[in-house]
1. For segment B:182-192, enumerate the residues that are more than 13 Å from every other protein chain (Cβ to nearest Cβ) and either surrounded by fewer than 24 Cβ atoms within 10 Å (Cβ to Cβ) or touching a residue at least 60 places away in the same chain (Cβ under 8 Å) (or both).
2. When you look at A:Leu121, is it closer than 17 Å to A:Gly70 by Cβ and free of Cβ contacts under 8 Å to residues at least 12 places away in the same chain, yes or no?
3. Does segment A:145-185 hold any residues that are assigned to a helix (DSSP H, G or I), under 26 Å from B:Thr95 (Cα atoms) and over 23 Å from the mean Cα position of the chain (by Cα), and which are they?
4. What's the number of the only condition in (1) surrounded by fewer than 16 Cβ atoms within 10 Å (Cβ to Cβ); (2) at pLDDT 95 or above that A:Ala94 fails to meet?
5. Could you tell me how many of the residues in segment B:209-266 are aromatic (Phe, Trp, Tyr), more than 14 Å from chain A (Cβ to nearest Cβ) and surrounded by 21 or more Cβ atoms within 10 Å (Cβ to Cβ)?
6. Are any of the residues in segment A:89-97 β-branched (Val, Ile, Thr), more than 11 Å from chain B (Cβ to nearest Cβ) and free of Cβ contacts under 8 Å to residues at least 24 places away in the same chain?
7. Give the residues of segment B:106-127 that are touching a residue at least 40 places away in the same chain (Cβ under 8 Å) and either of a type in the set (Ser, Thr, Tyr) or surrounded by fewer than 24 Cβ atoms within 10 Å (Cβ to Cβ) (or both), sorted by residue number.
Amino acid sequence: MRRLRPRLPEQTLLRHLLLAALFALVLYVVSLELSPFDNLRLASIAYYFVALAGLTVLTGLGGQISLGHGALMAIGAYAAVILISRSGWALVPALAGATVVTAVAGTLVGVVAARLRGPYLAGATLALAVGLPGLADKYPHAFGGENGLTVDPPIPPSSLGAAFPLERWEAWIACGAALVAFVMLAGLVRGRMGRALRAVRDDEVAAALAGIDVARTHVLAFVVSAACAGLAGGAFVAVTQLAAPGAFQLALSLSLLTGIVLGGLGSLWGALWGAIALVLLPSWSDRLAHSLSLSDNVRSNLPLALYGLALIGVMVLAPSGIQGLVRRLGRRIRGLSELIRRLARGGGADVVPNRTEESA
Amino acid sequence: MTRSWSRAALGAALVAALAALAGCGGGGGASSSAPGVTKTSVTIGSHQPLTGPAAPGYSEIAPASKAFFAYVNAHGGINGRKINYIYKDDGYNPTNTVAVTRQLVLQSKVFAIFNGLGTPTHTKVVQFLNAEKVPDLFVASGCPCWDGAKYPETFGWQTNYQIEGKILGDYLKQHFAGKKIGVFYQDDDFGQGGLAGIKQQVGDQVVSAQPYQPGNTNVAPQITAIQKAGAQVLVDFTVPAYTALGQLTSFKLGYKPQLVVSNVGIDPTTVGGLLKAFSKGKAGTALIEGALTDGYLPSPTDTSNPWIALFKQVHDQYDASAPFDGNVEFGMAAAYTFAQALKAAGKDLTRESLVKAVEKGGFAGPGVVPVRYSPTQHGGYGGVQLAKVANGKLVTFGSPLVTDPGSGPIQPYNGQQPSPADGGIVGG
């Protein structure tokens, strides 16, 4: 631990860039090993991570709830499809465009949201999740109705070889989006805005007295998290080549919220665990339903029931989510290694584990 | 201090998790000529609406196909191979279709996709299947999209909706001349194809065309608009659930036009059951009595037909829990055509040999008209026979008619329907 510290630069941005480069290397190696189907799962984990990371900043750090993030993802997805197929944009600018469009939409929602608290905010964003996908049906000529809009699959650059699997390329795109989101959000969370968010979450009056503009902080949090949802929606399009209302139903918004709570509220690592859970839980439940030979009606609803059960389980057993468990485990190991070292040095029995301050 | 340490630990955990993920996906490599094929078996897959808005009726199709394959397998399979049919639920939701189809091809490594159901759904995976060079046989959708040979791996099966609309429209022109026509259609290539066919024949008689989105169960605005336009004939290009919803709404509004329904949405057992369910037992097949429709397969109640007799026998043995209706017949007839294609592909089964065999065409079977397969034409049945709902049963009349989706003439087809024993698939 003390050995590691000096090697990581003190400057936040540089440190996060280095970390991102490390992740990129790991993901690169892993994606070469994975089968096409598992690359597809990796891609899904990546775009879910983007959405969850944004949501966890809003809810975990900012204390604002949103049941409408599925709808914001839909905005990003439709924006990406329209930019690619109708305006002929390349993928990366289209992803950036989707992010900006959704951020603008998020500003509008955020301005409303900043005036609402608790259940009222939940209700307003819920209305967004329920109502927005209906627009596609209302304007079938613009949005393709229930049929949705499609784009051609992204073509891997020819320099990668003709046999380069599409799924690996899709995983790279989605992971790229995830890394960008990680660097941006990690900087934000550690910086001035993260502190402001936490201050506002914990006590609005105290935060206002300290000179923080509460309403502005609320809106900003919404904009940032909407931008992430938009990027996630764009990455979703890059992976599935499709934007259709069926992909962005209320269940998606609810499972996003479940994801951040399961993973651990307010932490980017928690968002990662949540994303992994969101992708792997349905396939486990499918296998479970298959082995129990349940009827199709039960089977199609089982993942939601499992989310619910997992959520209750986590709330009872580990209120701070998977990340909380991981942290506790890390502390346990650290305590143990400290103990061993002291014992090896011939220290006494009065070992007190070296407690460090709780990190957010 | 804490942070760097936990970060390093978590990095390691991440690598471990991803490595575990990599571990699950390996294996499954068949050493044979093609994915999903061994000396004794061939594995095929499908996406089907087992739940969701299209499930009523259509959820019976895949089990019926599976039952027919079980029957074929019990008689020695095809070229010594047993057919292993895996179908997955997509809930008629295109997003799920993409996910389950990729899973079937990339994870389950199926040899071919068979009878993938639905126009809005299957159009989302056609590009993927063709890019992966997976034979995509006998799509359960009459979308004109599969016509021609734009997609080298994809073949339609049931009658193209445009051909169907054209033949129905021609009948309306002859027997309902000057009457006002309203069209109630699903807002995708299915409904739009049918509408195009109708308009081609009787465009000047169409006074109102109202689309619906599958999933939105309130169809009162559409039916009211058609009633207000004064339509005396109501043409439905609907899935069974929406035929039922439309008829219940018409009944509530006191609107009683001559009903004309695409063969996709009229199976009397299914629609009757839905009418009963939606009205809590107050309505039934009476609401579709006298409806005009068409079919490319013999009526499931025509027990004198040798195909119906065979399918009924297989149904009673392997699929007895389902009602014997048009959906079951559809599933079995498509399965029969697939068995024919497998047989024609020969002992050295590859993806190329299967596609070549279908392009050779000439599969005579349960259909009342011939299929159109050739190297330049991947569309399925080239026509339909008109039918009417009488006493809650489908009764065909007149001779089968064939045509093309373009401006070609509509002609009667007088070819002889073969008997199942002639095909040499089973019992031969």
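1. If the condition is that a residue be more than 13 Å from every other protein chain (Cβ to nearest Cβ) and either surrounded by fewer than 24 Cβ atoms within 10 Å (Cβ to Cβ) or touching a residue at least 60 places away in the same chain (Cβ under 8 Å) (or both), then B:Gly182, B:Phe184 are the ones that fit.
2. For A:Leu121, the condition - closer than 17 Å to A:Gly70 by Cβ and free of Cβ contacts under 8 Å to residues at least 12 places away in the same chain - is not met.
3. Of everything in segment A:145-185, those that are assigned to a helix (DSSP H, G or I), under 26 Å from B:Thr95 (Cα atoms) and over 23 Å from the mean Cα position of the chain (by Cα) turn out to be A:Gly145, A:Glu146, A:Asn147, A:Leu166.
4. (1)
5. Pass one, segment B:209-266, residues aromatic (Phe, Trp, Tyr): B:212, B:237, B:242, B:251, B:255.
Adding the requirement that they be more than 14 Å from chain A (Cβ to nearest Cβ) leaves B:237, B:251, B:255.
The next check asks that each one be surrounded by 21 or more Cβ atoms within 10 Å (Cβ to Cβ); those that pass are B:237.
Of the residues in that region, 1 qualify.
6. Looking only at segment A:89-97, we keep the residues that are β-branched (Val, Ile, Thr), and these are A:92.
Checking which are more than 11 Å from chain B (Cβ to nearest Cβ) leaves us with A:92.
If we keep only those that are free of Cβ contacts under 8 Å to residues at least 24 places away in the same chain too, we end up with A:92.
Scanning segment A:89-97 turns up at least one residue that is β-branched (Val, Ile, Thr), more than 11 Å from chain B (Cβ to nearest Cβ) and free of Cβ contacts under 8 Å to residues at least 24 places away in the same chain.
7. Let us first name the residues in segment B:106-127 that are touching a residue at least 40 places away in the same chain (Cβ under 8 Å), namely B:107-123, B:125.
Scanning segment B:106-127 gives B:Gln107, B:Ser108, B:Lys109, B:Thr119, B:Thr121, B:Thr123.
Every residue, every condition in (1) within 9 Å of chain B (Cβ to nearest Cβ); (2) buried (at least 24 other Cβ atoms within 10 Å of the Cβ); (3) over 14 Å from the mean Cα position of the chain (by Cα); (4) not in a helix (DSSP H, G or I), yes or no:
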{"residue": "A:Leu265", "(1), (2), (3), (4)": "no, no, no, yes"}
{"residue": "A:Ser283", "(1), (2), (3), (4)": "yes, no, yes, no"}
{"residue": "A:His290", "(1), (2), (3), (4)": "no, no, yes, no"}
{"residue": "A:Ser293", "(1), (2), (3), (4)": "no, no, yes, yes"}
{"residue": "A:Ala305", "(1), (2), (3), (4)": "no, no, yes, no"}
{"residue": "A:Arg328", "(1), (2), (3), (4)": "no, no, yes, no"}
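The values are calculated or read from the model by the stated rules, or taken from the named source; none is laboratory data. Because the structure is a prediction, the values reported are computed rather than measured. Cβ atoms come from the backbone with ideal geometry, glycine included; neighbour counts cover every protein chain shown.
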